[in-house]
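J.: Take a look at this one; I'll ask things after.
Rule-based calculations on the coordinates, nothing more; no lab input. On a predicted model such as this, the values are computed, not experimentally measured, just so you know. Cβ: placed from backbone, ideal geometry, glycine included. Neighbour counts: every protein chain shown.
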Amino acid sequence: MKKTNDWFFAGVIAGFIGGICHLIWNSGLLLFGIQHKTFWIAMGGLFYNQQLLYTPLAQVHGAIDAIGVSVAGGILLSATLKFTGREYLYVKSIVLSASSGYFLFIVIFPQTGLGKDSVIVPWIALFGFTVLNGLLSGYILKKFLLSKETHN
């Protein structure tokens, strides 16, 4: 993968990849019956009522919104690295991603009924945001996308 000096574009790509991996992970948990609602269902719940939420169009819309949240997180991480440097990259990526996850869990998820009736859903969300969106996006930015000149 070609490295770039464009920190915004690098953040978009890293967040997109992290978001796709997060959705794939949620899909696997659904298939194994570990969880019954996902990040994309929560995001779709912002726009659709319970009757429409499980329709294919609402599910696709929710997935696009969920990936959009991850892209915003990737851009935020890339901007943070641009302005503060690459030191402690993984700490920064975990803190930013976990913070956005907590914001979503406190502000967005209650509106959609996700998480309050399950002991495991908050743990799944924490893992998803910190590892799949945080560490993975940080790793992608560090190894594949950002050139050394971008954050000096």
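J.: Zone of Leu30 (label point 7 Å along Cα→Cβ, backbone N under 13 Å): which residues in the range 49-63?
T.: Once the point is set 7 Å along Cα→Cβ of Leu30, 53-63 turn out to lie under 13 Å by backbone N, inside the range 49-63.
J.: Go ahead and set up a Gaussian network model of the chain, Cα springs under 10 Å, then flag whichever of Thr112, Thr55, Thr84 fluctuates most.
T.: Residue with maximal mean-square fluctuation among Thr112, Thr55, Thr84: Thr55.
J.: Can you give the helix-only mean residue ellipticity at 222 nm for the chain, where every DSSP H stretch with n ≥ 4 adds -39500 (n - 2.57) and the sum goes over all residues, rounded to the nearest 500 deg cm²/dmol?
T.: It comes out at -19000 deg cm²/dmol, rounded to the nearest 500.
J.: Angle between the Cα long axis of helix 56-84 and the longest principal axis of the chain, 0 to 90 degrees, nearest 10?
T.: 30 degrees
J.: Show the residues, 5+ positions off or on another chain, whose built amide H is closer than 5 Å to the amide H of Thr4.
T.: Those lying under 5 Å, H to H, from Thr4 are Leu146, Ser147.
J.: Roughly speaking, what is the stretch gain from Leu126 to Tyr139, that is 0.36 nm per residue apart minus the C-alpha to C-alpha distance, in nm to one decimal?
T.: On the way: separation 13, 0.36 × 13 = 4.68 nm, distance 1.80 nm.
Gain on stretching Leu126 to Tyr139: 2.9 nm.
J.: Counting pairwise Cα distances across the chain, what percent come out greater than 18 angstrom?
T.: For the chain, the fraction of Cα-Cα distances above 18 Å is 55 percent.
J.: Note the count of lysine pairs whose C-alpha atoms are less than 25 angstrom apart in the chain, limited to pairs 8 or more residues apart or on different chains.
T.: Total qualifying Lys-Lys pairs in the chain comes to 18.
J.: Follow-up question, since we're still on this one. Most fluctuating residue of Gly44, Gly85, Gly74 in a GNM of the chain with Cα springs under 10 Å: which is it?
T.: So, out of Gly44, Gly85, Gly74, the one fluctuating most is Gly85.
J.: Also: Taking 0.36 nm per intervening residue step and subtracting the Cα-Cα distance, what contour gain separates Val60 from Ile20 on full extension?
T.: Taking 0.36 nm per residue and subtracting the Cα distance, the gain is 13.1 nm.
J.: Take the chain, mark every one of the trypsin sites (Lys or Arg not before Pro) that falls in a DSSP loop and has at most 14 other Cβ within 10 Å, then report the longest stretch left between them, sites excluded. Numbers along the way, then the final one.
T.: Values: sites that count: Lys2, Lys3, Lys116.
My reading of the result: 4-115 is the longest stretch.
J.: Between helix 89-103 and the chain, what is the angle of the helix's C-alpha long axis to the longest principal axis, kept within 0 to 90° and rounded to the nearest 10?
T.: 30 degrees
J.: With angles folded into 0 to 90 degrees, how steeply does helix 7-31 sit against the dominant principal axis of the chain? Use alpha carbons for both and round to 10.
T.: Approximately 30 degrees, to the nearest 10.
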